[in-house]
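These notes concern the structure reproduced below.
The values are calculated or read from the model by the stated rules, or taken from the named source; none is laboratory data. In this text, all values refer to a predicted model and were calculated from it rather than measured experimentally. Cβ atoms come from the backbone with ideal geometry, glycine included; neighbour counts cover every protein chain shown.
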Amino acid sequence: MARSSTTQTEAERRKRSKEVYEALVRAVDYNSGRKQPPLAKKTSVIGTLHGAGYGRFGLEELDKAITAACRNGDLFRAEDGNGDVRLGINDRWKLREKIESNLSCVEEPRDDVIGLANAQVEKLRLRGENDD
């Protein structure tokens, strides 16, 4: 009997981890592009997650989700000119959209963040990723 409760606990942990992971990717997407730079500030993403109720999982679990999303290639992490950690969608077409939308909506875009996003687009292009 104890074994089934352990299995259920593991299944619940996996479900929760998946939920946090997916919410994280959505929050990065939501916090980037248009009037916002093409890469989201990590602190803004965490604030969005806390506001949406994911703060109950704590910073450690959110950091684990960020690490997993970067390792899995769904997100990438970079540091901007102010030393802030930025998170971006690791898809060259989505990044291009976010760059273009930001440039068209903002009079004075963050050149350092645009540069980081463009560098990632180029890296993905050279790898041949997202060619579809």
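Structure above, values below:
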read-out: From Arg125, Arg92, residue being over 16 Å from the mean Cα position of the chain (by Cα) and modelled with pLDDT of 95 or more; value: Arg125
read-out: Among (1) modelled with pLDDT under 95; (2) buried (at least 21 other Cβ atoms within 10 Å of the Cβ), the one test that Leu87 misses; value: (1)
read-out: Qualifying position, being touching a helix residue (DSSP H, G or I) at 6+ places or on another chain (Cβ under 9 Å) and either within 17 Å of Gln36 (Cβ to Cβ) or polar (S, T, N, Q) (or both), among Arg125, Arg92, Arg86; value: Arg86
read-out: Single residue of region 81-110 satisfying the filter (assigned to a helix (DSSP H, G or I) and without any contact (Cβ under 8 Å) to a residue 24 or more places away in the chain) that is farthest from Ala68 (Cα to Cα); value: Ser104
read-out: Ala11 modelled with pLDDT of 95 or more, among the small types (Gly, Ala, Ser) and assigned to a helix (DSSP H, G or I); value: no
read-out: Residue satisfying all of: in region 44-78; of a type in the set (D, E, K, R) and surrounded by fewer than 12 Cβ atoms within 10 Å (Cβ to Cβ); modelled with the lowest pLDDT among these; value: Arg56
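Every residue, every condition in (1) touching a Leu at 6+ places or on another chain (Cβ under 8 Å); (2) charged (D, E, K, R); (3) in contact (Cβ under 8 Å) with a residue 60 or more places away in the chain, yes or no:
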residue	(1), (2), (3)
Gly33	no, no, yes
Gln36	no, no, yes
Ser44	no, no, no
Ala52	no, no, no
Arg56	no, yes, no
Glu61	no, yes, no
Arg77	yes, yes, no
